[in-house]
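Contents: one structure, followed by commentary.
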Amino acid sequence: MVTAAFKCNQDAPIGIRRSVLHIVVVTPLVSLITCSRSPDDAIVAAVLTAVRALRLPDGWRMEHLLVDNASTPSLAERDSVARHLAACPAARLLRDETDGLATVRARAIRATAGELLITVDDDNVLDAGYLEAVIAAAAELPDVGIFGAGHIAVSLPERAPSWAADPWVRRLFQERHLTTPMHGCSRAWQDYYSPGTGMVVRRQIAEAFADGVERGELRNASRRRGHLSGGEDAQLVWLCVRSGLAVGAVPAMRVTHVIPSRRLTAGYVCRLVFGIHESAAPARFEVLRDEPPPPCRPGRAWLRAVRAVPMAGPFVVWRARVAAAAGDAAALCLVHERPEPWWLRALIALLGGRRGA
């Protein structure tokens, strides 16, 4: 990007002052943001190694903001982070004690300057050509405000339980493999909409999200301790749709989602899927405020969802899908700001949908 400015030589006599044309070359910037809380040491080391291996197209600059959201031990104490900061001049580390991913992400947006922002979670290992694909897609798709990886491979540990290979579980961990670019601006959630892993957001959408969080309009987007989803990624998508820009996915963007053993438990999977479904409707209607929410009938919502759950397959998967149905019912109570009925509270406790429930 080239900008021009005229500057008058104020030291010269008035009669012979000259305006000098200054040419300033502004190199476009892409910002990578990693918000992390107590990550797995080996996985975050792989994530940071992949960031350093990224190929940056000519004429672009990169910055990597690593936000330590109250990790124990802190990221500053970890060898992999120290090596990354020493080897990557574009990287910097911030410590934020805020409870809630949305607020942390909003502050990270304000602390960066790139016209393109990429959310790199602490379990996302980007392909070396990721930035090349991102920058090419941004130029080719100017009407797309958010685009995500078309190829998300799920990497499981060697001794993963057998049920983890179930296709439903792999989709829960965001696995997908698209062969053609897809984008659209539908208010109905599309399979190609970005689930968050390696999500690319144009600055104007990111700033709208930060504005909404700071003004208290996006109250649902607050992933508190013990809650595994607050709908932050979905709210970015809905903000993009509301603005009239499309959301898409690009097959050339490839990332590996690494799942540690501690997430491959029945309890974690139930809490994860329950949180996703519980936060979905509140996240949507906080952004798309011109849409009326569905009636508050949690019993009907749960029955409708649970009837679609197949009885065949691993019990862990069946339990998690029933928890997803309970999340749909709980979401209606949140949207209408009504207390959950006793049977729903008991069901959530039985399924382990919330920590301590």
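The values are calculated or read from the model by the stated rules, or taken from the named source; none is laboratory data. On a predicted model such as this, the values are computed, not experimentally measured, just so you know. Positions of Cβ are backbone-derived with ideal geometry, glycine not excepted, and every protein chain shown enters the neighbour counts.
Within the range 84-107, residues that are modelled with pLDDT of 90 or more reach partners that are crowded, with 18+ Cβ neighbours inside 10 Å and aromatic (Phe, Trp, Tyr) with beta carbons closer than 7 Å, at six or more positions or on different chains, in the pairs Ala106/Phe209.
Among the residues of the range 102-116, those that are out of contact with any Leu (no Cβ under 7 Å at 6 or more places or on another chain) and closer than 22 Å to Glu77 by Cβ comprise Val104, Arg107. Among residues of the range 237-250 that are in contact (Cβ under 8 Å) with a residue 12 or more places away in the chain and part of a loop (DSSP other than H, G, I, E, B), those with a Cβ under 7 angstrom from a residue that is surrounded by 24 or more Cβ atoms within 10 Å (Cβ to Cβ) and not basic (Lys, Arg), sequence gap 6+ or separate chain, pair up as Leu245/Gly145. Quick check: anything in the range 186-194 surrounded by fewer than 17 Cβ atoms within 10 Å (Cβ to Cβ), in contact with a helix residue (DSSP H, G or I) (Cβ under 8 Å, 6 or more places away or on another chain) and under 18 Å from Ile43 (Cβ atoms)? So far as the range 186-194 goes, no, none of its residues is surrounded by fewer than 17 Cβ atoms within 10 Å (Cβ to Cβ), in contact with a helix residue (DSSP H, G or I) (Cβ under 8 Å, 6 or more places away or on another chain) and under 18 Å from Ile43 (Cβ atoms).
Any idea which of Ile146, Ile43 is in contact with a Pro (Cβ under 9 Å, 6 or more places away or on another chain) and modelled with pLDDT of 95 or more?
Ile43
Condition first: surrounded by 23 or more Cβ atoms within 10 Å (Cβ to Cβ) and in contact with a His (Cβ under 6 Å, 6 or more places away or on another chain). Now tell me which residues in the range 124-159 satisfy that. Scanning the range 124-159 gives a single hit, Ile152.
Kindly evaluate His277 against the criterion of being in the same structural domain as Leu141 (by TED's automatic domain parsing) and either outside any loop (DSSP other than H, G, I, E, B) or of a type outside the set (A, V, I, L, M, F, W, C) (or both).
Numbers: in the same structural domain as Leu141 (by TED's automatic domain parsing): no; either outside any loop (DSSP other than H, G, I, E, B) or of a type outside the set (A, V, I, L, M, F, W, C) (or both): yes.
No.
Scanning the range 137-180 for residues that are in a loop (DSSP other than H, G, I, E, B), closer than 24 Å to Gly275 by Cβ and more than 20 Å from the chain's Cα centre (by Cα) gives Leu156, Pro157, Ala160, Pro161, Asp166. In the range 322-335, the count of residues that are assigned to a loop (DSSP other than H, G, I, E, B), out of contact with any Cys (no Cβ under 8 Å at 6 or more places or on another chain) and assigned by TED's automatic domain parsing to the domain that holds Ala280 is zero.
Yes/no per residue for (1) part of a helix (DSSP H, G or I); (2) on the phi < 0 side of the Ramachandran plot; (3) surrounded by 22 or more Cβ atoms within 10 Å (Cβ to Cβ):
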position	(1), (2), (3)
Ser31	no, yes, yes
Leu48	yes, yes, yes
Val51	yes, yes, yes
Pro57	no, yes, no
Val67	no, yes, yes
Ala70	no, no, no
Leu93	no, yes, no
